[in-house]
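First the structure, in the form of structure tokens, and then the observations on it.
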Amino acid sequence: MIIELTNDNIVSVKELKSRTGIIMALQVTTTEKDHRDNIIFFSVPQSEDNRHYRQIQEWVAEGNTIEEAD
């Protein structure tokens, strides 16, 4: 199953920090589900070279907010 992130299927985005407090990636919750009806999550590195990261930036540009890590 190949899932593409779009502004329509992103529910939320949250920072993921390492134990030392460095933001390592972004956790994306989507509206998509797998064959067992589980919600699909993405872990996306913060890199302009990553197409999913660029999609998240478009999502933010539309007025959405990335949640801070716990």
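The values are calculated or read from the model by the stated rules, or taken from the named source; none is laboratory data. None of the values given here were measured: they were computed from a predicted structure. As a convention, Cβ positions derive from the backbone with ideal geometry for all residues, glycine included, and neighbour counts pool all protein chains shown.
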Quiz item: Of the residues that sit in region 19-70 and are in contact with a Pro (Cβ under 9 Å, 6 or more places away or on another chain) and not hydroxyl-bearing (Ser, Thr, Tyr), which one is surrounded by the most Cβ atoms within 10 Å (Cβ to Cβ)?
Solution: 26
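Residue 3 - would you say it is modelled with pLDDT of 95 or more and hydrophobic (A, V, I, L, M, F, W, C)? Even if it seems obvious, please write down each step before you answer.
Numbers: modelled with pLDDT of 95 or more: no; hydrophobic (A, V, I, L, M, F, W, C): yes.
In short, no.
Is it true that residue 7 is in contact with a helix residue (DSSP H, G or I) (Cβ under 9 Å, 6 or more places away or on another chain), loosely packed, with under 14 Cβ neighbours inside 10 Å and polar (S, T, N, Q)? Quick ask: steps written out before the conclusion?
Working: in contact with a helix residue (DSSP H, G or I) (Cβ under 9 Å, 6 or more places away or on another chain): yes; loosely packed, with under 14 Cβ neighbours inside 10 Å: yes; polar (S, T, N, Q): yes.
It is true that residue 7 is in contact with a helix residue (DSSP H, G or I) (Cβ under 9 Å, 6 or more places away or on another chain), loosely packed, with under 14 Cβ neighbours inside 10 Å and polar (S, T, N, Q).
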